[in-house]
């Protein structure tokens, strides 16, 4: 910047710039022998036992369900939550049926109950 721009170089001519000492390497404080963390011998470590790798299941293994084609009911259950939100919004915005449109959220539970007739019943306690 020049003097026309408002910088006065004469104000700093005689001043000595402060000296910044070079950085020093930190070696650490001497250990306090009374400290509970004073130099201890390293703890003995043992290697954990290695387990053999488990083979990957085959594609037709019935225990994993791999390779099995889902049924129509399972496919319907997979999309029923998202589908109920879409139907809820459609009924609300198009038909202004917000008061009773919440009933569509009961449909996924009814579909699950239809596909699993004996499951989910409370058992008798004696």
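The values are calculated or read from the model by the stated rules, or taken from the named source; none is laboratory data. None of these values were measured; they are calculated from a predicted model. Positions of Cβ are backbone-derived with ideal geometry, glycine not excepted, and every protein chain shown enters the neighbour counts.
Specify which of the listed residues (97, 31) is modelled with pLDDT under 80 and either surrounded by fewer than 10 Cβ atoms within 10 Å (Cβ to Cβ) or over 34 Å from the mean Cα position of the chain (by Cα) (or both).
Details: 97 fails: modelled with pLDDT under 80.
Step by step, each of 97, 31 is checked, and only 31 is modelled with pLDDT under 80 and either surrounded by fewer than 10 Cβ atoms within 10 Å (Cβ to Cβ) or over 34 Å from the mean Cα position of the chain (by Cα) (or both).
In the stretch 62-83, how many are modelled with pLDDT of 70 or more and either in a helix (DSSP H, G or I) or surrounded by fewer than 12 Cβ atoms within 10 Å (Cβ to Cβ) (or both)?
15
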